[in-house]
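Here's the structure, in structure tokens; my notes come after.
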Amino acid sequence: MSEGNQSECDCKVRIDHSLNEDEINHVTSRKESAQECLKRHGIHCSLEDLPNIALLASGGSERAMVGLLGSLVALFQDDLLDCMLYLAGLSGSTWCMASLYKVPNWSSKLNEVKDDFEQRLLNGDVRFKDKLSTLKKYYRQKDNFSLTDIWAVLVISEIVKEIDNCTFTSQRSQHSKDPYPIYTVTDMLSRYDKLKAEKFVEITPHETGYSISGAFVDTSCFGSQFYQGVKIKDQPEMDMLFLQGMCGSGLADLEKILEALLHFIKDLMLHELGIMGDQASSGINQTDVHSSEAGKVLLTLVELNLLVLREEDPSSHIQTLIDSLKELDKEQKEKLITMSKHMNKKNIKEYTLYICSLHSCWNPKCIEILTIIGKCIELVTLWIWGTTYNFLYNMAAKEVSPSIFKEEKRRYADAGFDINSPFLPLLRKERDIDILLSLDFSETDPFESLVKTKDMCRDLDIDFPEIPEVSEEEKSAPKDFYVFEGPKAPTVIHIPLFNIKNCGDKEEIRKWRKRYKTFQPPYNGKRMDDLLEKAEMNIKNNTENLLTVIKHHILVPFINSQV
């Protein structure tokens, strides 16, 4: 049996804080590489005394994706990458991770991988037909088609310039020489229930689950339907495009998705329905006529939502919709006219959902792709993200909050909504991390994630270093290297992306932050190269500092043992 095809036994839920055997084996092997790496830097220690070092990368959209790439390249060039046992990311940094882990043992050939990655980002293109087929596949195969599917296909594919339909578990045997990867998302329902231990969900090649509570399922089964800890219905394993969409949904806003949906419908009408605007082909059959009319209704509906969102006059689009919906009976038409009066951001939602419900009027032939687009508009209106079967449904375990078991489905999204760095999965006691190398790609305050993590760890009784209060001046102009330590806590090395070392003074840092805002079009070659350079400088300027912290971590326990 291949590793990607799990037995029914593997797909049972595991309530246990221990690490799974596959992760243990991977990290044990990785420690030998780390030991050899330190030897090359003149640092000699036994495997037992070897510090467990994890690299974690914050969110920050394309800034985080490119910044992480530059940081990893510098670690590789300075021969420090092999020291890292884990690589954890969330939001935009996972887009970089997904691209790297496509390549078997990428960390041993990162210069070539980086060049290919850059070329794809600058010159890659995703065909409309590939988007269409992927959207259809998600809709047909999944019980829980959600806004995350739409976001992944229409937006994430344009950012990362590819549709990666490989599964995470298919990579299990391809990365024996790479850091063990951890993707992080948040359970949105836990946020609403004000739960803390169940807020963060880790996704690894082998298991997915709640890092702090200790509840896991084989990653190949994440998304399948469970009852009392046993899988009762298969669902397709999530592919890497969907994983990137789920991890990186924090970038989403209503206008961005509506615009993407608008372009998609226009392409659909042009390429699939044989009509665009008022230009119809001369010999179209009756189905084509219905398709084009339905396409116009959906296009007008999306345009109407954009007009209302932008506080522009929607009256002509309202009339176009009423005229286009020829199958409306008198009662439906009167209701639509009444709802359209005084159209604003508050009542557009009800109006949109009502038109979506009238699918027999605008899609009488039940043409699948038009049904899918209608569903997409409905999900955008309801703003429903990451709907997934709950693998803990109707179970009972004292380690997990009871409210987690009640819902048949959970909703997972960008972990940056809570804390914009993936500290929590790495703070599992079983991972025994000694040094956390934190790369912060946040747009503004580079210490916010540290402070939030400290507060959460205090509430959850997890050891984490004390983070001194940081002045507003230092938030605006941070240094390039910070070390935070505590008696029982792992050492945290924290590196803000833009700082006084690689940018200059406060005003220069402000300019760099403004240049690389979270919400902006994809980077051109110059902008990408400049950001890569800044990220690389942060590592190269601190190679000796990193080695000093590692030496200190080995030396102090040794000295204490001799006292």
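Local charge sum around Ala98 (other residues, Cβ-Cβ under 11 Å, Lys/Arg +1, Asp/Glu -1)? Net of charged neighbours comes to -2. Computed over the stretch 475-563, relative contact order equals 23 percent, with contacts defined as Cα pairs under 8 Å that lie 6+ residues apart. The mean sequence separation of alpha-carbon pairs under 8 Å and at least six residues apart, normalised by the residue count of the chain, gives a relative contact order of 21 percent. Stretching the chain fully between Lys233 and Ser357 yields a gain of 41.8 nm (0.36 nm per residue, less the alpha carbon separation). When all alpha carbon pairs of the stretch 199-247 are counted in 10 Å bins from zero, the resulting P(r) reads 24, 56, 20 %. A 1.4 Å probe run over the protein chains yields, for the chain, 42 Å² of accessible area per residue, whole-number rounding. When the P(r) is computed for the stretch 95-217, the part past 24 Å accounts for 42% of the Cα-Cα pairs. By DSSP, the beta bridges lying fully in the stretch 404-563 are antiparallel in about 35 percent of cases. Restricting the calculation to Cα atoms, the stretch 46-105 yields a radius of gyration followed by a Dmax of 12.3, 39 Å. What number do you get for the stretch 361-414 when its Cα radius of gyration is normalised by 2.2 N^0.38 Å, N = residues? Scaled against compact globular proteins, the figure is 1.68.
Taken over the stretch 283-436, the alpha-carbon convex hull comes to 205 cubic angstrom per residue.
Before rounding to the nearest 500, sum -39500 (n - 2.57) across all DSSP H runs of length at least 4 in the chain and divide by the residue total; then give [θ] at 222 nm in deg cm²/dmol. Can you show the working numbers first?
Values: 23 runs with 260 residues, N = 563.
Taken over the chain, the calculation gives -14000 deg cm²/dmol.
Pulled fully out, how much extra length does the chain show between Asp529 and Ser170, if you take 0.36 nm times their separation in residues and subtract their Cα-Cα distance? Mind showing how you got there, number by number?
Details: separation 359, 0.36 × 359 = 129.24 nm, distance 3.18 nm.
Separation in residues times 0.36 nm, less the Cα-Cα distance, equals 126.1 nm.
The modelled label-to-label distance between Cys366 and Tyr192, using points 7 Å beyond Cα along the C-beta direction, is 3.1 nm.
Where both residues lie in the chain, what percent of DSSP beta bridges are antiparallel, nearest 5? Provide the component values of the computation, followed by the final result.
Working: 28 of 49 bridges.
In the chain, approximately 55 percent of DSSP beta bridges are antiparallel ones.
So what are the stretch 396-544's ellipsoid semi-axes, whole angstrom, largest first, if each one is the square root of 5 times an eigenvalue of the alpha-carbon gyration tensor?
Working: eigenvalues 200, 85, 39 Å².
Working from the Cα gyration tensor, I get semi-axes of 32, 21, 14 Å.
Classify the stretch 366-481 from the C-alpha gyration tensor, please: rounded if a/c falls under 1.5, else prolate or oblate depending on whether a/b exceeds b/c. It is oblate, given that a/c is not under 1.5 and a/b is not larger than b/c.
Site pair Ser29 and Arg310 shows an inter-label distance of 5.4 nm when each label is modelled 7 Å from Cα along Cα→Cβ.
Mind checking the stretch 169-245 for trypsin sites (Lys or Arg not before Pro) that DSSP puts in a loop (not H, G, I, E or B) and that have at most 11 other Cβ atoms within 10 Å?
Details: sites: Arg172, Lys177, Arg191, Lys194, Lys196, Lys199, Lys231, Lys233; in loops: Lys177, Lys194, Lys196, Lys199.
Those that pass, being in a loop and sparsely packed, are Lys194.
Order of 300-311, 240-251 by packing, highest average Cβ count within 10 Å first? All intermediate terms of the calculation are to be shown ahead of the outcome.
Details: 300-311: 19.2, 240-251: 26.3.
Highest mean packing first, the order is 240-251, 300-311.
Relative contact order of the stretch 1-146: 20 percent, from C-alpha pairs under 8 Å at least 6 residues apart in sequence. Note on the stretch 165-246: Kirkwood hydrodynamic radius from all Cα pairs is 13.7 Å, rounded to one decimal. Helix 506-515 versus the longest principal axis of the chain: what angle, 0 to 90°, nearest 10, using Cα atoms? The two axes meet at around 40 degrees.
Test of understanding: express the Cα radius of gyration of the chain as a ratio to 2.2 N^0.38 Å, with N the residue count.
Cα Rg divided by the expected 2.2 N^0.38 Å: 1.04.
Pairs of alpha carbons in the stretch 24-142 separated by more than 24 Å make up 40% of all such pairs.
On the accessible surface of the stretch 11-79, probed at 1.4 Å, how many percent belong to carbon and sulfur atoms?
On the way: 1110 of 2520 Å².
The C+S portion of the solvent-accessible surface of the stretch 11-79 is 44 percent.
Taking all protein chains as present, what is the carbon and sulfur share of the accessible area of the stretch 419-494, in % to the nearest whole number, probe 1.4 Å? Before the final figure, lay out the partial values.
Numbers: 1390 of 3180 Å².
Exposed carbon and sulfur together represent 44 percent of the surface.
The values are calculated or read from the model by the stated rules, or taken from the named source; none is laboratory data. No experiment lies behind these values; they were computed from the predicted model shown. Neighbour counts run over all protein chains shown; Cβ positions are idealised from the backbone, glycine included. When the accessible area is computed, the model is the full protein with side chains, heavy atoms only, and any ligands, DNA or RNA have been set aside. Shrake-Rupley method; radii C 1.70, N 1.55, O 1.52, S 1.80 Å.
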